[in-house]
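The values are calculated or read from the model by the stated rules, or taken from the named source; none is laboratory data. Predicted model only: the values in this text are computed from it and were never measured. Every residue, glycine among them, receives a Cβ derived from its backbone with ideal geometry; neighbour counts consider all protein chains shown. We work out accessible area using only protein heavy atoms, side chains counted, and drop any ligands, DNA or RNA first. Shrake-Rupley method; radii C 1.70, N 1.55, O 1.52, S 1.80 Å.
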Amino acid sequence: YVRVTDLTDRLLHHNASINWIPDHVRDGAFGKWLEGARDWSISRNRFWGAPIPVWMSDDPAHPRIDVYGSLDELERDFGVRPDDLHRPSIDDLTRPNPDDPTGNATMRRVPEVLDCWFESGSMPFAQLHYPFENKERFEQESPADWIVEYIAQTRGWFYTLHVLSVALFDQPAFRNVNCHGVVLDAQGRKLSKKLRNYPDPEEVMESIGSDALRWYLMSSPILRGGDLKIAEDGSGIADVVRLVLNPIWNAFHFFTLYANAEGYTATWRTDATGDLDRYLLAKTRELVDAATDAMDAYDIAGACNQVVSYLDALNNWYIRRSRERFWAPGASDGGCEADGQLQSDAFDTLYTVLVTLSKVTAPLLPMLAEEIHTGLTGERSVHLTDWPAGDSLPADPALVQAMDEVRAVCSTALGLRKDHGLRQRLPLLQLSVAGDRAEALAPFTSLVAQELNVKDVVLSADRSAFGTEVVRPNPRALGPRLGKDVQAVLKAAKAGDWTRADDGTVVVGGHALQDGEYELALQTADDVAASPVRYVDPEGRTVDTGLVVALDTTVTPELHAEGVTRDLVRIVQQARRDAGLEVTDRIALTLQLGAEQRAMVEANQRHLADSVLATTVTYADAPQPVDLTVDGAPGSLAVTVLA
């Protein structure tokens, strides 16, 4: 036996210094197990196993027990140095009992073998043949920096490592430990060769990719102690390609496509002055800092979450809002500067953040990061570079907060468009943004207008103009904490008896509610298209910005005509792609439309020509090669490439 009960206080003391991922295991599953641990029986009645090095007299009249700790000690007493420590060879090693003057008693090894977990728990020092060799190395390298195993090892390997290390060295065996969950099939069963209820890993890596499989596992709840259900067809792994790998590759492809078309050689640069460039650089700084903190804390899933959140800002905001700058110098971002400076800012900024992104994702997506980094820099390997330093990029928390709120405003307003059946290409007259921080968005109203396709953005501090804010408590979430007081909270919320404290805490009927226990909603009239503005942070928490957006849904004939023209732009752009045109090719556009549709397009012809790089737009009576539908009416078009 190992007398574990004598070590309880030290075991708990040293456990407090270990970084457990997830952290609740330290004082939960593992801590509770240590508190109730009993003395540990380390002997097993089996043949196979490490023989217990204990020799006992076979004569009860002359009791004697010898415990051996080295080959030298065995050779000293038995006169022979054994070269095989396994059964049955070691069992042949016997000698007379020195305590028996008659010489009849014999010292024989006890028949038991060690519990295999005793061997597993001895791994840190046994692998180095400590203390006979590598004493200094073991003392320098112990405790281990990091280990990983699944959550049931709180009663197995994690436990035996900890017990033996504390017993022998009065220190923990490891500093950091990832305690992961279990991989299950879609029905919640453990994966089994017999059932064949899992996708073949080699087929997954061949057809979907090793990076996708790696990310799928590392970004899942399994690395935070939860279980992971995996479909037999690997559909969840394929989603990683769509949601993570493709967005990264598309950003890289976008950059190389336009940089090569312009013949532009980008450089690492962080001094761009445009709002979008400064935002992306500062957002990248936040990514580096957050990913560094997560990786330093061995929170790999947290690092993955940071990357996914960042990709939305990179692709769905920066690149889309900056797209014209990559082929039309000085086209946007606050006006035109000489010699295409705004275009060079866009190229250099995107190059800088893509190089940084390749380094951040190198441990997470090693193949993709390698391809992108070497393609951008010409360096030998991203895996031979240093981890990016956050201070190599500018920090601007105020700009990041304001732009993130701008993105949330746009996302909420796009939801209102969808709810009211107003397609994105249809211009609208006005968007109103109200709340205490509305004025902080003033520098970015043109961006909001472009993103939402509205003519005007109005800012106001008064939220009440668009509806009444109400609290909707969640009784299921409140029940375990408040018990019978839940009914009082529900009654108070219904009566409007609630306040919001300066720190944002919502108090209903005298009870402070916690995240997840309530929802804030905007109660509006049926004819008002308004909604509170919230967004989800990288950790999945809902952030309430305190803003409200209201959309004017009136559609005038002029707005309708402009929307029809924008629809036509999309059709012509598809025709360009179908014809295999380069992004910089200029064209002559010929249209055959009905009289009503032609009038609407002619009123917005300048926008059409600029958007599709058409030097001329002509109208024909005869059908053209490409059929189309404009505002529900048939028509056709022809695209001619100009030399």
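Does Arg108 satisfy the criteria of being open to solvent by 80 Å² or more (accessible area, probe 1.4 Å) and touching a Ser or Thr at 6+ places or on another chain (Cβ under 7 Å)?
So Arg108 fits the description; yes.
Exactly one of (1) open to solvent by 60 Å² or more (accessible area, probe 1.4 Å); (2) outside any helix (DSSP H, G or I) is unmet by Asp239. Its number?
Status for Asp239: all satisfied but (2).
Looking at region 598-621 only, could you name the residues that are open to solvent by less than 60 Å² (accessible area, probe 1.4 Å), hydrophobic (A, V, I, L, M, F, W, C) and part of a loop (DSSP other than H, G, I, E, B)?
Across region 598-621, the qualifying residues are Leu613, Ala620.
With the requirement that a residue be surrounded by fewer than 17 Cβ atoms within 10 Å (Cβ to Cβ) and either farther than 13 Å from Asn19 by Cβ or not charged (D, E, K, R) (or both), what does region 294-309 give you?
Correct list: Ala297, Val308.
Determine, yes or no, whether Leu559 is within 30 Å of Arg437 (Cβ to Cβ) and in contact (Cβ under 8 Å) with a residue 24 or more places away in the chain.
So Leu559 fits the description; yes.
Would you check if Arg407 is at pLDDT 95 or above, of a type outside the set (Val, Ile, Thr) and in a loop (DSSP other than H, G, I, E, B)? Working first, answer last.
Values: at pLDDT 95 or above: yes; of a type outside the set (Val, Ile, Thr): yes; in a loop (DSSP other than H, G, I, E, B): no.
It is false that Arg407 is at pLDDT 95 or above, of a type outside the set (Val, Ile, Thr) and in a loop (DSSP other than H, G, I, E, B).
Would you check which residues across region 292-306 are under 17 Å from Leu393 (Cα atoms) and in contact with a Phe, Trp or Tyr (Cβ under 9 Å, 6 or more places away or on another chain) and list them?
Scanning region 292-306 gives a single hit, Thr292.
Scan region 222-251 and report the pairs whose first residue is more than 23 Å from Met367 (Cα to Cα) and whose second residue is among the acidic types (Asp, Glu) and in a loop (DSSP other than H, G, I, E, B), with Cβ atoms within less than 8 Å and a gap of 6+ or a chain change.
Listed pairs, sorted by first residue: Arg224/Asp299.
Within region 419-433, is even one residue free of Cβ contacts under 8 Å to residues at least 60 places away in the same chain, surrounded by fewer than 13 Cβ atoms within 10 Å (Cβ to Cβ) and of a type in the set (Lys, Arg)?
No.
Between a residue in region 196-210 that is closer than 13 Å to Ser235 by Cα and open to solvent by less than 40 Å² (accessible area, probe 1.4 Å) and any residue that is of a type outside the set (D, E, K, R) and in a loop (DSSP other than H, G, I, E, B), which pairs come within a Cβ distance under 7 Å, given they are 6 or more apart or on different chains?
Note: pairs meeting the criteria are Pro199/Gly234; Val204/Gly234.
Taking region 581-597 as the search range and keeping residues that are part of a loop (DSSP other than H, G, I, E, B) and within 16 Å of Trp327 (Cα to Cα), which one is nearest to the chain's Cα centre (by Cα)?
My answer is Val583.
Take the residues in region 368-385 that are in contact with an Asp or Glu (Cβ under 9 Å, 6 or more places away or on another chain) and assigned to a helix (DSSP H, G or I); name whichever of them is nearest to Arg269 (Cα to Cα).
Filtering first and then ranking leaves His373.
Within region 391-414, restricting attention to residues that are touching a Ser or Thr at 6+ places or on another chain (Cβ under 7 Å) and not aliphatic (A, V, I, L, M), which residue is most open to solvent (accessible area, probe 1.4 Å)? Lay out the reasoning, then the answer.
So in region 391-414, the residues touching a Ser or Thr at 6+ places or on another chain (Cβ under 7 Å) come out as 393-394, 405, 408, 412.
Add one more test, that the residue is not aliphatic (A, V, I, L, M), and what stays is 394, 405, 412.
Numbers: Pro394: 51, Glu405: 9, Thr412: 22 Å².
Looking at residues that are touching a Ser or Thr at 6+ places or on another chain (Cβ under 7 Å) and not aliphatic (A, V, I, L, M), I get Pro394.
Give region 434-473 a look and list any residue that's open to solvent by less than 60 Å² (accessible area, probe 1.4 Å) and farther than 20 Å from Trp317 by Cα, or say none.
Ala434, Gly435, Val458, Leu459, Ser460, Arg463, Phe466, Gly467, Glu469, Val470, Val471, Pro473
Under 6 Å between Cβ atoms, which residue pairs at least 6 apart in sequence (or on different chains) link something in region 1-22 that is farther than 28 Å from Asn45 by Cα with a partner that is open to solvent by less than 90 Å² (accessible area, probe 1.4 Å) and of a type in the set (S, T, N, Q)?
The qualifying pairs are Asn19/Asn176; Ile21/Asn178.
If a residue counts only when it is under 30 Å from Ile151 (Cβ atoms) and open to solvent by less than 70 Å² (accessible area, probe 1.4 Å), which helices (runs of 4 or more DSSP H) contained entirely in region 1-100 have at least 3 such residues?
Counting at least 3 such residues, we get 8-15, 29-35.
Within the set of pairs 6 or more residues apart or between chains, which connect a residue that is over 21 Å from Asp537 (Cα atoms) and without any contact (Cβ under 8 Å) to a residue 60 or more places away in the chain inside region 494-516 to a residue that is part of a loop (DSSP other than H, G, I, E, B) and open to solvent by less than 80 Å² (accessible area, probe 1.4 Å) with Cβ atoms less than 8 Å apart?
Short answer, once both residue conditions are applied: Asp497/Gly509; Trp498/Gly509; Val507/Ala501; Ala512/Ala501; Ala512/Thr505.
Restricting region 626-643 to residues that are out of contact with any Lys or Arg (no Cβ under 7 Å at 6 or more places or on another chain) and within 17 Å of Glu582 (Cα to Cα), which is surrounded by the fewest Cβ atoms within 10 Å (Cβ to Cβ)?
Among them, the one singled out is Ala643.
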